[in-house]
Amino acid sequence: MKKSLIAGLVTILIGLIMGGILMFNSQEKKREQNYKREQDRIVKYFVENYELSDGDTIKNIEFTEFEKIVETGYWHITILVNDAYYISFSETEFGKELDGSGYYSREIWYLKDKKKATDIENIKIKYIED
């Protein structure tokens, strides 16, 4: 009787551990998908609203920083464009308004009153690892 009780408890414990692992993996995968989706949104926003002052096309974008600043509650994102130009963005949460900052206006121009077509198919994107 004691052996069957212990075996039952061990089985329940193993089931709980396995369930926790599966749930954690599922949440982690969803989080990674959200990060990638947000990075794609930032690339589209950049391509629509900015252009390089030298007239060069945007060939590649690398995410160099993507973190939440706990003290301010803002996400801080930095990208490197064409291996030469840095620009940073901030937002309060994923999907909300982006605020571009930390770039040289002689290198990158903000298109205040117009937006360009959003074609990111030919842009090589290097995503940041979570």
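The values are calculated or read from the model by the stated rules, or taken from the named source; none is laboratory data. Owing to the predicted nature of the structure, the values given are computational and were not obtained by experimental measurement. Note that we place each Cβ from the backbone using ideal geometry, even for glycine, and neighbour counts take in every protein chain shown.
Taking the condition acidic (Asp, Glu), touching a residue at least 60 places away in the same chain (Cβ under 8 Å) and closer than 21 Å to Asn34 by Cα, does Glu51 pass?
In short, no.
Where residues in segment 64-111 are surrounded by fewer than 13 Cβ atoms within 10 Å (Cβ to Cβ) and within 14 Å of Leu52 (Cα to Cα), which of them is farthest from the chain's Cα centre (by Cα)?
Applying the filter and picking the extreme gives Arg106.
Restricting attention to strands (runs of 3 or more DSSP E) lying wholly within segment 19-107, give those where 3 or more residues are of a type outside the set (D, E, K, R) and either at pLDDT below 90 or touching a helix residue (DSSP H, G or I) at 6+ places or on another chain (Cβ under 8 Å) (or both).
So the answer is 60-69, 74-81.
Of the numbered conditions (1) exposed (fewer than 13 other Cβ atoms within 10 Å of the Cβ); (2) in contact (Cβ under 8 Å) with a residue 40 or more places away in the chain; (3) not hydroxyl-bearing (Ser, Thr, Tyr), Ile123 satisfies every one except a single condition; which is it?
Status for Ile123: all satisfied but (1).
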